[in-house]
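Okay, structure first, notes after.
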Amino acid sequence: MLHLTTGRLGSLLARRVTAALSSSSVRMASHSHEVSQTDMSQPMYVDRLDIPLPDKPYKDNLSAEEQSLKKKEEGPWSQLTKEEKIALYRMMFCQTFPEMKQPSDEWKTVVGVALIFLGISGLVVWWQKVFVYPKTPRTFDEEWQAKQLKRMLDMRANPVEGFSAKWDYEKGQWK
Amino acid sequence: MSLPKPVMRGLLARRLKLHLPIAFVLAIGSAIAFKYTVTEPRKQAYADFYKNYDSDKEFNAMKEAGIFESVQPSGE
């Protein structure tokens with residue numbers, strides 16, 4: 001019985017894996033909300049500070065005008081005007097480095113949401129303290145802790161620089 | 001639109017020429033500071049503690065407090 005179920009499970013997983021690997025698009029049977037399907041197995045363009053030269057140019061399908069400009073780029077660049085150079089740059093790249101480095105307000109969202117979730121967990125911990133945790137051990141009682149402290153002083157715990165060093169044994173009080 | 005060619009080589013060496021001495025000074029400085037703010041006072045504190053330390057008196061005080069298992073307070 002067990003052999004049969006594990007065999008079925010194995011073949012199911014194998015079929016899912018091969019479907020994911022063999023198809024060139026990312027679409028799975030259950031995946032319904034992605035409109036344009038990017039082929040992640042092909043080189044992609046990214047605007048990233050740590051990837052200065054992306055795997056492919058930004059613009060793929062060039063108009064006739066842009067194609068003629070690309071032809072002109074093959075010649076001496078001193079013959080290109082400033083506007084043409086900028087147009088060629090914008091064909092190759094989407095954003096410039098200063099544009100990429102522009103600060104945004106995203107950090108406020110991140111910090112805010114993180115604090116919200118921290119607050120929620122705080123509420124959960126409070127509920128746990130009221131409804132879940134058992135009574136604290138007897139060693140937490142005031143009386144027990146006072147006796148514990150006296151015992152530490154009697155034993156001369158850390159008498160040079162630490163605990164008992166701060167207690168005045170003649171007067172019976174803290175220094 | 002012609003900018004001067006930027007420096008292409010020796011960038012790490014240039015950075016190290018400034019920051020390596022700073023690193024050494026800060027490291028050695030913090031070691032010296034630690035020595036004279038922590039270790040020397042601590043050595044002095046121990047010396048002072050044991051200068052007039054009467055171990056018999058301390059032992060008897062502890063014995064009377066009743067913390068030992070091998071010897072009971074004088075009353076019992």
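Among A:117, A:94, A:77, flag the residue with its Cα farthest along the positive direction of the charge dipole of segment A:55-170, charges on Cβ as +1 for Lys/Arg and -1 for Asp/Glu.
A:117
For the protein assembly as shown, what is the charge dipole size about the Cα centre, in debye to the nearest 20, if Lys and Arg each add +1 at the Cβ and Asp and Glu each add -1 at the Cβ?
680 debye
From the phi of every residue in segment A:150-166, what ³J(HN,Hα) in whole Hz does the Karplus formula 6.51 cos²θ - 1.76 cosθ + 1.60 yield, where θ is phi - 60° and glycine or proline is x?
With the stated coefficients, segment A:150-166 comes to 4, 5, 4, 5, 4, 7, 6, 5, 6, x, 7, 10, x, 5, 6, 5, 8 Hz.
When only DSSP loop residues count, what trypsin sites (Lys or Arg not before Pro) in segment A:120-161 have their Cβ near at most 10 other Cβ atoms within 10 Å?
A:135
About its Cα centre, how strong a charge dipole does segment A:64-175 have in debye, to the nearest 20, once Lys and Arg get +1 and Asp and Glu get -1 at the Cβ?
Computed about the Cα centre, the dipole is about 600 debye.
In terms of modelled amide H atoms, which long-range or inter-chain residues lie less than 5 Å from the amide H of residue A:167?
It is A:175, by chain and number.
Put +1 on the Cβ of each Lys and Arg and -1 on the Cβ of each Asp and Glu in chain B; which of B:49, B:27, B:8 then has its Cα farthest toward the positive end of the dipole?
B:8
Does anyone have the angle between helix B:40-51 and the longest principal axis of chain B? Alpha-carbon axes, 0 to 90°, nearest 10?
Once rounded, one gets 10 degrees.
Tell me what chain B gives for mean residue ellipticity at 222 nm when only DSSP H runs of n ≥ 4 count, each as -39,500 (n - 2.57), the sum divided by the residue total, rounded to 500 deg cm²/dmol.
That calculation yields -20500 deg cm²/dmol at 222 nm.
Find the lysine pairs in segment A:134-175 meeting two conditions, Cα atoms under 22 Å apart and a separation of 8 or more places or different chains, and report how many there are.
8
Just to check I understand the Karplus step: with θ = phi - 60° and J = 6.51 cos²θ - 1.76 cosθ + 1.60, what whole-Hz values come out for segment B:56-66, glycine and proline as x?
With the stated coefficients, segment B:56-66 comes to 5, 4, 5, 4, 5, 4, 5, 5, 5, 5, x Hz.
May I ask you to evaluate 6.51 cos²θ - 1.76 cosθ + 1.60, the Karplus curve with θ = phi - 60°, for each residue of segment B:8-22 and list the ³J(HN,Hα) values in order in whole Hz, giving x for glycine and proline?
For segment B:8-22, the Karplus-derived couplings read 9, 10, x, 6, 5, 4, 5, 5, 5, 4, 8, 7, 5, x, 4 Hz, x marking Gly and Pro.
For segment A:141-175, which GluC sites (Glu not before Pro) are both in a DSSP coil and crowded by at most 16 other Cβ atoms within 10 Å?
A:161, A:170
Sorting A:69, B:3, A:49 on the 10 Å Cβ count, fewest up front, what's the list?
Ascending Cβ contact count within 10 Å gives the list B:3, A:49, A:69.
How well do other chains shield peptide B:63-72, expressed as the mean number of their Cβ atoms within 10 Å of each residue Cβ?
Counting Cβ atoms of other protein chains within 10 Å of each residue's Cβ and averaging gives 2.
Bear in mind these aren't lab numbers, they're just calculated from the coordinates by the rules spelled out. Nothing here was measured: the structure is a model prediction, and the numbers come from that model. Note: ideal-geometry Cβ built from the backbone for every residue, glycine included; neighbour counts use all protein chains shown.
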